[in-house]
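Report on the following structure.
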Amino acid sequence: MKREKFIQIESKNAILELLKEGREFQSIYIAASAFKDDKTKEIVKLAGQRKIPMFRVPKKTLMRRLKASRSESVVGMMYSTNVWNLEELLESIYRERKIPFFLVLDGIKYTQNIAAIMRTAFATGVNGIIIDNRDGNVVTDETIRVSMGAAERIPLVEMNLFTAMKILKKEDIKVFGIHMEGEVYYNADLTGPCAFILGAEDTGISTGMLERADKRISIPMREGIGSLNVSVSAGVLMYEKLRQEVS
């Protein structure tokens, strides 16, 4: 069962993408001076077609509502139902005849990295992101804004990561841990059902999670560079899997 919560979206790009996808908004607030730009006009048009309540308010009033942004002129209010149970998500993936493709975020802390990973994940066909339920809620005003709506469009699972590993292995989903001593990523077979474990910015993948990976893969780098930013590493691997699947 998906879990519901109320969220505030402070990004015209995110609001526009979600409207085009058919997502429901409770209401949209627009600064009185914001009707001239093309994105706002399109938001007004789409929301009007869907009969979503819109309110023109003074810029100062809108500014008092903002949490993540400091200058946004459009704010959308909606109920998010994007947190899934892993087993139910897998049933949905199989029912739609898709190949399971997951990311497991092991202690990643920074909003910018999480949002960048989500954006690339949505673009490359990842159909689930798993985070530890102790890490708190990663879908915030800021992650939705920075990911331009991807944080609300890609299924999220919040659970104990060790339990998640058991379920993935039971479903014969290959789990790859990113580690400097692993096989070079483009030599590894990344096709088929798989999951990538991405570790924390400062410490990498925890020992317990690394031990549970089926295979370790690495990204080669020039001497003197110890590691890449985790969102960059994630992007490299996701697009390599996409390349292998289509080639």
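Among the residues of segment 148-157, none qualifies, meaning not one is hydrophobic (A, V, I, L, M, F, W, C), under 12 Å from the mean Cα position of the chain (by Cα), within 16 Å of ASN82 (Cβ to Cβ) and at pLDDT 95 or above. As a summary of the residue check, ARG212 satisfies the conditions (1) modelled with pLDDT under 90; (2) buried (at least 17 other Cβ atoms within 10 Å of the Cβ) except for the one numbered (1). Within segment 100-118, the residues that satisfy the criterion of being among the aromatic types (Phe, Trp, Tyr) and either within 12 Å of the chain's Cα centre (by Cα) or within 26 Å of ASP172 (Cβ to Cβ) (or both) are PHE101, PHE102. Evaluated against (1) closer than 30 Å to ALA213 by Cα; (2) touching a Pro at 6+ places or on another chain (Cβ under 7 Å), VAL83 falls short on exactly one condition, (2). Among the residues of segment 51-106, those that are modelled with pLDDT under 90 and of a type in the set (Gly, Ala, Ser) comprise ALA68, SER69, SER71, SER73, SER80.
Among strands (runs of 3 or more DSSP E) entirely within segment 1-62, having at least 1 residues that are touching a residue at least 40 places away in the same chain (Cβ under 8 Å) and within 21 Å of ASP141 (Cα to Cα) singles out 3-9, 27-31. Exactly one residue out of VAL104, VAL75, VAL138, VAL83 is surrounded by fewer than 22 Cβ atoms within 10 Å (Cβ to Cβ), part of a strand (DSSP E or B) and β-branched (Val, Ile, Thr), and it is VAL83. In this entry, ILE30 passes the filter for residues that are β-branched (Val, Ile, Thr), within 21 Å of LYS67 (Cα to Cα), touching a Lys or Arg at 6+ places or on another chain (Cβ under 7 Å) and not assigned by TED's automatic domain parsing to the domain that holds ARG145. Could you tell me whether segment 38-58 includes any residue that is closer than 30 Å to SER206 by Cα, surrounded by 21 or more Cβ atoms within 10 Å (Cβ to Cβ) and β-branched (Val, Ile, Thr)? Looking for residues that are closer than 30 Å to SER206 by Cα, surrounded by 21 or more Cβ atoms within 10 Å (Cβ to Cβ) and β-branched (Val, Ile, Thr), one finds none in segment 38-58, hence no.
Considering only residues that are touching a residue at least 40 places away in the same chain (Cβ under 8 Å) and either of a type in the set (Phe, Trp, Tyr) or not in a helix (DSSP H, G or I) (or both), which ones fall in segment 234-247?
Pass one, segment 234-247, residues touching a residue at least 40 places away in the same chain (Cβ under 8 Å): 234-242, 244-245.
Answer for segment 234-247, where residues must be touching a residue at least 40 places away in the same chain (Cβ under 8 Å) and either of a type in the set (Phe, Trp, Tyr) or not in a helix (DSSP H, G or I) (or both): just TYR239.
To keep it simple, each residue is scored yes or no on (1) aromatic (Phe, Trp, Tyr); (2) in contact with a Gly (Cβ under 6 Å, 6 or more places away or on another chain).
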| residue | (1), (2) |
| --- | --- |
| ILE173 | no, no |
| PHE176 | yes, no |
| ASP189 | no, no |
| PRO193 | no, no |
| LEU198 | no, no |
| GLU201 | no, no |
| LYS215 | no, no |
| SER218 | no, yes |
| LEU237 | no, no |
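Looking only at segment 21-46, residues that are closer than 21 Å to LYS5 by Cα and either touching a Gly at 6+ places or on another chain (Cβ under 9 Å) or modelled with pLDDT of 90 or more (or both) come to 7 in all.
Residues are listed down the side, and each one gets a yes or a no for (1) in contact (Cβ under 8 Å) with a residue 40 or more places away in the chain; (2) not small (Gly, Ala, Ser):
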site: LEU89; (1), (2): yes, yes
site: TYR94; (1), (2): no, yes
site: PHE102; (1), (2): yes, yes
site: ASN113; (1), (2): yes, yes
site: THR143; (1), (2): no, yes
site: SER147; (1), (2): yes, no
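The values are calculated or read from the model by the stated rules, or taken from the named source; none is laboratory data. Just so it is clear, the structure is predicted and the values come from calculations on it, not from any experiment. Please note: Cβ atoms are built from the backbone with ideal geometry, for glycine as well, and neighbour counts cover all protein chains shown.
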